[in-house]
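> First the structure, then my questions, so here it is.
The values are calculated or read from the model by the stated rules, or taken from the named source; none is laboratory data. The structure presented is a predicted model; accordingly, all values stated were derived computationally and were not measured. So basically every Cβ, Gly included, is an ideal-geometry build from the backbone, and we count neighbours across all protein chains shown.
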Amino acid sequence: MLSTLKLKLYKEGPEGTLAYGEGVGEVAGLLAERLGLTVPDALRGHGLNWEQLDDASRDLFAVLEKAGPMLKSEVQSVRTAAHKQVVGCLLLGHLYRLRFIATQASREQQTAAVAMADGLSEFAHIMVEIGVRLRAPSEAYA
């Protein structure tokens, strides 16, 4: 998923990457508020028990489904907002699902899930920093 997302960002270019970084930050901020976390913890998927991780990931994937029609809107501002939300929900939804798996799986699967979650978390941080212009958009493609 991460490789596909990076390729999409590369194709979208710097302007699109900035917008998606803003979207990741917006979704992380909403999650932090809803779950009583700091934004950095929301971006790491830390501070939650397995039930909260499961609920949050399900909610994020449900938002993805609901955003589908907005992606096809004739109104550019609606499509732009939907794309930003989709990238944030996709990235954080997978992160939270992996954190959930790490709490439920066998030791071998836990190790793999934690490693993948850590990679997504690092990328989420990079995207937020791009969205607030602390990093260059090209750092998302590296």
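> Between LEU92, LEU53, which is over 17 Å from GLY25 (Cα atoms) and either assigned to a helix (DSSP H, G or I) or among the hydrophobic types (A, V, I, L, M, F, W, C) (or both)?
Criteria check complete, one pass: LEU53.
> Yes or no: PHE123 of a type in the set (Phe, Trp, Tyr) and more than 14 Å from the chain's Cα centre (by Cα)? Step through it out loud before you land on a result.
Working: of a type in the set (Phe, Trp, Tyr): yes; more than 14 Å from the chain's Cα centre (by Cα): no.
When the stated conditions are applied, PHE123 does not pass them.
> Check TRP50 against each of (1) within 19 Å of MET116 (Cα to Cα); (2) surrounded by fewer than 18 Cβ atoms within 10 Å (Cβ to Cβ); (3) in contact with an Asp or Glu (Cβ under 9 Å, 6 or more places away or on another chain) and name the one condition it does not meet.
All conditions pass for TRP50, except number (3).
> Let me ask something else about it. Against the definition (in contact with a Lys or Arg (Cβ under 7 Å, 6 or more places away or on another chain) and modelled with pLDDT of 95 or more), how does ILE126 come out, yes or no?
yes
> If GLU122 satisfies every condition in (1) of a type in the set (Asp, Glu); (2) surrounded by fewer than 17 Cβ atoms within 10 Å (Cβ to Cβ); (3) in contact (Cβ under 8 Å) with a residue 12 or more places away in the chain but one, which is the exception?
(3) is the only condition that GLU122 fails.
> For region 114-141: of the residues being among the β-branched types (Val, Ile, Thr) and either part of a helix (DSSP H, G or I) or touching a strand residue (DSSP E or B) at 6+ places or on another chain (Cβ under 6 Å) (or both), which is farthest from ARG44 (Cα to Cα)?
So in region 114-141, the residues among the β-branched types (Val, Ile, Thr) come out as 114, 126, 128, 130, 132.
Filter once more, so that each one left must be either part of a helix (DSSP H, G or I) or touching a strand residue (DSSP E or B) at 6+ places or on another chain (Cβ under 6 Å) (or both): 114, 126, 128, 130.
Values: VAL114: 11, ILE126: 12, VAL128: 12, ILE130: 17 Å.
Here the residue is ILE130.
> Can you give me the number of residues within region 17-38 that are free of Cβ contacts under 8 Å to residues at least 60 places away in the same chain and assigned to a helix (DSSP H, G or I)?
Final tally of qualifying residues: 6.
> Let me ask something else about it. Only one residue in GLU74, GLU65 is outside any helix (DSSP H, G or I) and farther than 22 Å from ALA140 by Cα, so which one is that?
GLU74
Here is a yes/no grid of residues against (1) among the basic types (Lys, Arg); (2) surrounded by fewer than 17 Cβ atoms within 10 Å (Cβ to Cβ); (3) under 24 Å from ARG135 (Cα atoms); (4) at pLDDT 90 or above:
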site	(1), (2), (3), (4)
LEU43	no, no, yes, yes
HIS46	no, yes, yes, yes
ASP55	no, yes, no, yes
VAL87	no, no, yes, yes
